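The values are calculated or read from the model by the stated rules, or taken from the named source; none is laboratory data. What you are looking at is a predicted structure, and each value in this text was computed from that prediction instead of being measured. With ideal geometry, Cβ positions are generated from the backbone for all residues, glycine too; neighbour counts draw on all protein chains shown.
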Amino acid sequence: MIGAIMLSTKHFLSIADLSTHELQELIDFSLLVKRKPQRYNRALAGKQLLMLFAKPSLRTRLSFEVGMRQLGGDAIFYPLKDSPLGIKESIEDTAKTSSRFVDAIMARLYAHADLLTLAKNSRVPVINGLTDFSHPCQALADLVTIFERKKRFAGLKLAYFGDGKNNTCHSLLEACAKLGVNMIVAAPKQQEFQPDSGVLDAAKVEAYKNHCLIDVTTDAHFAAANADVLYTDAWMSYHVSTKEHARRRKVLKPYQVNEELLSLARKDATFMHCLPAKRGEEVTSEVIDGPSSLVFDQAENRLYAQKALLIRLLKGR
Ligand code: CP
Ligand code: NVA
């Protein structure tokens with residue numbers, strides 16, 4: 001049924017805003033949309049999605065744009081570089097104006113607080129297409145990919161390596177805790193690489209309710225032991241200044257996902273990365289281009305997860 005189930009939240013800003021039931025339902029629905037695309041090819045007929053981008057993108061832009069078209073609607077790409085949010089026009093006015101024209105807004109911004117202001121002032125649903133703080137669309141597609149491959153969540157171990165103060169890592173912590181997946185973050189001890197303490201504490205509480213564990217370590221080998229999923233993200237996220245690159249490369253080197261680390265995981269372990277990736281930094285080519293890698297399945301599943309999300313957010317509104 002297309003319109004029968006609504007999310008309890010108007011917007012999709014964070015995985016933490018969904019209940020475990022809603023998240024699992026969204027994952028199941030994503031896989032249904034993947035299996036039966038023709039069933040939904042008029043689901044959003046006549047609907048318009050505005051896509052605001054303050055940072056570059058390949059996957060997010062393409063998957064939202066293609067997704068809207070496959071659902072019978074359309075998407076408008078609006079790069080913010082010519083009209084920076086909050087400079088030429090206030091974020092409040094941007095939200096109030098654009099939400100008079102379109103049915104939903106997807107925004108990729110720097111500051112998470114700007115996304116919250118945008119959502120607060122928008123008449124229509126706002127989707128977080130990545131901020132410096134979180135990347136819930138990525139985590140949703142990643143959990144779809146894990147469920148598709150492993151057929152379960154309960155009891156799995158996901159080990160995340162490298163930059164822990166990272167948008168994808170934060171959203172994965174929230175998602176794993178909701179779904180009963182044990183997650184361990186292996187990161188340097190310095191505060192700048194540790195996950196946000198608010199996200200971490202909330203994930204630990206949520207994990208306790210869902211019978212799994214959330215943990216942080218500085219020991220990459222310990223984290224990799226018996227893991228079902230090895231996950232990493234770029235050491236140089238879009239918002240990291242180039243002046244920081246050399247220093248970060250040095251500190252993060254022990255957390256590179258390579259064949260040695262992979263050999264400590266379970267035999268059927270999979271490697272995941274949200275992309276874009278830098279071979280030779282956070283991951284070696286042997287691993288990302290090897291048989292354990294699911295990175296292009298993750299990228300493809302962005303399409304189905306976001307089509308499912310758009311239907312759940314827009315249908316009936
Ligand atoms: N994973 C992801 O969001 O990729 P893009 O930056 O290409 O959108
Ligand atoms: N952490 C990365 C994710 C890219 C999809 C970044 O923010 O650049």
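Out of all the residues in region 63-97, which are hydroxyl-bearing (Ser, Thr, Tyr), assigned to a helix (DSSP H, G or I) and farther than 22 Å from ALA141 by Cβ?
Correct list: THR94, THR97.
Among the residues of region 198-226, which ones are polar (S, T, N, Q) and under 26 Å from VAL283 (Cα atoms)?
Within region 198-226, THR217, THR218, ASN226 meet the criteria.
Here is a yes/no grid of residues against (1) within 16 Å of ligand 2 (Cβ to nearest atom); (2) more than 15 Å from TRP235 (Cα to Cα):
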site	(1), (2)
PHE161	yes, no
LEU172	yes, yes
ALA186	no, no
GLY198	no, yes
VAL205	no, yes
HIS211	no, yes
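All but one of (1) within 16 Å of ligand 1 (Cβ to nearest atom); (2) among the aromatic types (Phe, Trp, Tyr); (3) without any contact (Cβ under 8 Å) to a residue 40 or more places away in the chain hold for TYR231; state the number of the condition that does not hold.
Condition (3) is where TYR231 drops out.
Can you tell me which residue in region 10-35 is surrounded by the most Cβ atoms within 10 Å (Cβ to Cβ), limited to those that are in a helix (DSSP H, G or I) and small (Gly, Ala, Ser)?
My answer is SER30.
With (1) surrounded by fewer than 20 Cβ atoms within 10 Å (Cβ to Cβ); (2) more than 16 Å from ligand 2 (Cβ to nearest atom); (3) not aliphatic (A, V, I, L, M) as the list, and ARG61 as the residue in question, which single condition is left unmet?
For ARG61, the failing item is (2).
Could you list, in sequence order, the residues of region 175-200 that are closer than 10 Å to ILE214 by Cβ and out of contact with any Gly (no Cβ under 7 Å at 6 or more places or on another chain)?
Within region 175-200, the first condition is being closer than 10 Å to ILE214 by Cβ, and the residues that meet it are 176-177, 181-185, 195, 199-200.
Scanning region 175-200 gives CYS176, ALA177, VAL181, ASN182, MET183, ILE184, VAL199, LEU200.
Just to check your reading of the model, which residue among HIS273, HIS239 is surrounded by fewer than 16 Cβ atoms within 10 Å (Cβ to Cβ), within 16 Å of ligand 1 (Cβ to nearest atom), touching a residue at least 12 places away in the same chain (Cβ under 8 Å) and under 30 Å from MET106 (Cβ atoms)?
On the way: HIS273 fails: surrounded by fewer than 16 Cβ atoms within 10 Å (Cβ to Cβ).
On inspection, the qualifying residue turns out to be HIS239.
Mind checking which pairs have a first residue in region 79-90 that is within 17 Å of ILE105 (Cβ to Cβ) and a second that is modelled with pLDDT under 85, Cβ under 9 Å, 6 or more apart or different chains?
Sorted first by the residue in region 79-90, then by its partner, the pairs are GLU89/SER83.
With the requirement that a residue be within 12 Å of ligand 2 (Cβ to nearest atom), of a type in the set (A, V, I, L, M, F, W, C) and closer than 13 Å to TYR231 by Cβ, what does region 118-159 give you?
ALA139, ALA141
Quick check, is LYS36 out of contact with any helix residue (DSSP H, G or I) (no Cβ under 8 Å at 6 or more places or on another chain) and either within 16 Å of ligand 2 (Cβ to nearest atom) or modelled with pLDDT under 95 (or both)?
no
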